[in-house]
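Okay, so here's the structure we're looking at.
The values are calculated or read from the model by the stated rules, or taken from the named source; none is laboratory data. Values in this document were obtained by computation on a predicted structure and should not be read as measured data. Here the Cβ positions follow ideal geometry from the backbone for every residue, glycine too, while neighbour counts run over all protein chains shown. Surface accessibility is based on the protein's heavy atoms, side chains included, excluding ligands, DNA and RNA. Shrake-Rupley method; radii C 1.70, N 1.55, O 1.52, S 1.80 Å.
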Amino acid sequence: MAEMLQVLDAATKAAKLPLGLTPDDCKTMYRAMLATRLFDQRGMNLQRQGRIGFCVPSMGQEASQIGTAFAAPKDDWIYPSYRTHSIAILRGVPFRTLIDQLYGNATDIVKGRQMPNHFSLRQWNLVSISSPIGTQISQAAGTARAIQIRGEQKAVWTYFGDGGTSEGEFHCGMNFAGVWKAPCIFVCENNQWAISVPVRQQTASESFAAKAIAYGMPGVKVDGNDVLAVYQAAKEARERAIAGGGPTLIETFTFRQGPHSSSDDPKRYQPPEMLETWKKKDPIARFQAFLEKKKLWTPEWEKALTDEITADLAKAVDAAEQTPAPAVDTMFDDVYATLPPHLVEQREAVRQQIRTSGAIQDTGGKFPL
Amino acid sequence: MPEMTLLAAINDALNIAMAKDERVVMLGEDIGKKGGVFGATAGLHEKYGDLRVMDTPLSENGILGTAVGMGLYGLRPVPEIQFLDFIYPGFDQIVSEMAKFRYRSGGEYPCPCVVRSPSGGGIKGGHYHSQSAESYFIHTPGLRVVMPSTPRDAKGMLLASIFQDDPVIFLEPKALYRHAKEEVESGYFEVELGKARLVKAGDAVTLVSWGSMVVTCEQAVAKAAEKGVSVELIDLRSLLPWDTDAVMASVKKTGRLVIAQEAPRTLGFASEIAATAAEKAIDSLRAPIARVSGFDTPFPYTLEHVYKPDAQRILNAIDYVARYD
Ligand SMILES: Cc1ncc(C[n+]2csc(CCOP(=O)(O)OP(=O)(O)O)c2C)c(N)n1
Ligand SMILES: [Mg+2]
């Protein structure tokens, strides 16, 4: 077994906070983790109630995501995956902005063009998310190269799953970044499942971190439910990247506590004991116990936080729900920088149909049926 | 005869093929215990085991490349690409390899392989779970491309595809997976590839379509009938090679042609059909040919219903063509 970096247990016994973290830092991380959990619960409920079409929860992976993203200053670009909205929450994206996207309404930044969870948040340096697995990996390497070319002191981060490492994009991204010694941090969230496919069917390698060796970069396997260990690995990776030491692959060993998405049912393929075992290692509960020991957590604080976040979510959901769908004309915008003649013609044809035959009915459809 | 959904018919065909011939193997993402994200392979892993129903690492490139290697060696691989939108990492293995092996080896290395994949919109899947990408494959000599729209055709064409020797891109209209239902013969049968299906005879306008758009066309045809316009509806079901004889015979009879596709307009397969009609039946045409299609934009999420041609859009085209003097 590859060694796995852990920090929480030792840090609990230590007198001081580790890794130069302040009490506020710890509370910020905890808050983002809790907010993510509540956001996911609300999202899944909205989906079950038929109020949004689809939802991808990140339950169980909050430490893996917040621990890494907390090491990324806000002007570091991040290429997220569809399961990492926690990073947006950490960077201060308002719930309203995120929930508008889940509804695909008129105020949604991406104008209702993508499925839920496929955010684009340029203001927060979070790159538009794609569904095809792994495409962000080589793109991140390219952005890291661009940073080198411009001589800037920044790093680029990209998130993908254990399954993502099987796509050619993983090889390309790792190889290019390795050759260029580009300041790119590859975060492989090993939640042990790619939908129904377990990790042992994804790779015969003893770990994902081990794959880094072949690309000439360090690979670190960390306990992905130990937010401090994740933070340590990420902080070191960034320091190395900024100092010209090149890329790092971080494997966060964790577990997807929920379904792959709202259309999945893990009971079909996952041994039930697995969830039970991993619930006991819940990243939020573990961090909470640490904070309590350090006198940074009380039940009263937890309740106040929960109430505040829940109320904020409710407000955002109400507002998003009352917002209409994007106007029909918007479908033709942003295909190109300016509307070419053939799209002008096609837009006119839609307007004409609506004028003569009335509004076009939404016939619904259910993902994935 | 049992009533089956299109999804059940595909599952039945796969089961029959695997039972009949041990060269038939399947590989893909989540096709094992989960039985596929739509359930097309449900129960087959349990029945045929790890060596014949393989959950692979997450790589379309890998799935298609290894399928080619299996096909060359004499197996009959039936890879599944979870959504057609995810086929592109393996595109090279299809267009440069699978499609070309027979030709480039002087016939020495045929490459039988049936690539199954759900295609088209209708499930609120946004642009990465909804696209109609048939044109990329129809543009590739060496491939057969089919897209059934009924359970019976799905079963018979899948069996016909598996038990012939050319590579096939087998597109499944996911919007119809559970909505299309009909009685289907049990046991083995084939529906010949390359032949269109006459859905409804008519004499005023020829309407050609394929995939889930056929069902939308049926609604439009019923509305046209109420207005006294008799439409002949043809489900192409094989897109390469396609049944030019059936379509041209109909066009020569009606003198009016509407083609409905879900794919974007520019260079969609409708364009090929229109060009063929212009070449082979121009003397019979009494009105401009009308194409009804998706727009030349990426497939949207919220406005999916505006993007995909609805019955009204098709009806408007029928009206225009029927009235043209
Ligand atoms: C190219 C491509 N193939 C298939 C899919 C369908 N798909 C969506 S998520 C997923 C599994 C991804 O697993 P992993 O990379 O481990 O990430 P996780 O979902 O566990 O976070 C699959 C197969 C896809 N989105 N893109
Ligand atoms: Mg995973």
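Restricted to the stretch A:132-170, and to residues that are surrounded by fewer than 24 Cβ atoms within 10 Å (Cβ to Cβ) and of a type in the set (A, V, I, L, M, F, W, C), which residue is nearest to residue A:72 (Cα to Cα)?
Going through the qualifying residues, I end up with A:147.
Tally time: how many residues in the stretch A:150-204 are more than 14 Å from chain B (Cβ to nearest Cβ) and in a loop (DSSP other than H, G, I, E, B)?
8
Does the stretch A:157-200 hold any residues that are under 24 Å from residue A:223 (Cβ atoms) and either away from ligand 2 (no atom under 16 Å from the Cβ) or at pLDDT below 95 (or both), and which are they?
Selection gives A:157, A:174, A:184, A:185.
Only one residue in A:27, A:74 is more than 14 Å from chain B (Cβ to nearest Cβ), surrounded by fewer than 22 Cβ atoms within 10 Å (Cβ to Cβ) and over 29 Å from residue A:280 (Cα atoms), so which one is that?
Selected residue: A:74, the only one of A:27, A:74 that is more than 14 Å from chain B (Cβ to nearest Cβ), surrounded by fewer than 22 Cβ atoms within 10 Å (Cβ to Cβ) and over 29 Å from residue A:280 (Cα atoms).
Return the residues of the stretch A:84-121 that are over 22 Å from residue B:297 (Cβ atoms) and among the β-branched types (Val, Ile, Thr); say none if nothing qualifies.
Residues satisfying the conditions are A:84, A:87, A:89, A:93, A:97, A:99.
With the condition kept exactly as written, say whether any residue in the stretch A:260-283 is within 16 Å of ligand 1 (Cβ to nearest atom) and open to solvent by 50 Å² or more (accessible area, probe 1.4 Å).
yes
Filter the stretch A:84-116 for residues that are assigned to a loop (DSSP other than H, G, I, E, B), away from chain B (no Cβ under 11 Å) and either touching a His at 6+ places or on another chain (Cβ under 7 Å) or open to solvent by less than 40 Å² (accessible area, probe 1.4 Å) (or both) and give the result.
Of everything in the stretch A:84-116, those that are assigned to a loop (DSSP other than H, G, I, E, B), away from chain B (no Cβ under 11 Å) and either touching a His at 6+ places or on another chain (Cβ under 7 Å) or open to solvent by less than 40 Å² (accessible area, probe 1.4 Å) (or both) turn out to be A:84, A:91, A:93.
Determine if the stretch B:233-242 includes at least one residue that is part of a loop (DSSP other than H, G, I, E, B) and out of contact with any Ser or Thr (no Cβ under 8 Å at 6 or more places or on another chain).
Scanning the stretch B:233-242, I find at least one residue that is part of a loop (DSSP other than H, G, I, E, B) and out of contact with any Ser or Thr (no Cβ under 8 Å at 6 or more places or on another chain), so the answer is yes.
Within the group B:19, B:99, B:42, B:13, which residue is more than 14 Å from every other protein chain (Cβ to nearest Cβ), more than 16 Å from ligand 1 (Cβ to nearest atom), closer than 27 Å to residue B:132 by Cα and in contact with a Lys or Arg (Cβ under 9 Å, 6 or more places away or on another chain)?
From the options B:19, B:99, B:42, B:13, the qualifying one is B:13.
Enumerate the pairs (first residue in the stretch A:102-113 and farther than 12 Å from residue A:320 by Cβ; second residue anywhere and modelled with pLDDT under 95 and open to solvent by less than 50 Å² (accessible area, probe 1.4 Å)) with beta-carbon separation below 9 Å, excluding pairs fewer than 6 apart on the same chain, so at least 6 apart or on different chains.
Partner pairs satisfying both residue conditions: A:113/B:126; A:113/B:127.
Please indicate, with yes or no, whether at least one residue in the stretch B:69-83 is within 12 Å of chain A (Cβ to nearest Cβ) and open to solvent by 30 Å² or more (accessible area, probe 1.4 Å).
no
Could you check the stretch A:275-314 and list, in sequence order, the residues that are outside any helix (DSSP H, G or I) and either within 23 Å of residue A:192 (Cβ to Cβ) or touching a strand residue (DSSP E or B) at 6+ places or on another chain (Cβ under 9 Å) (or both)?
The answer is A:280, A:281, A:282.
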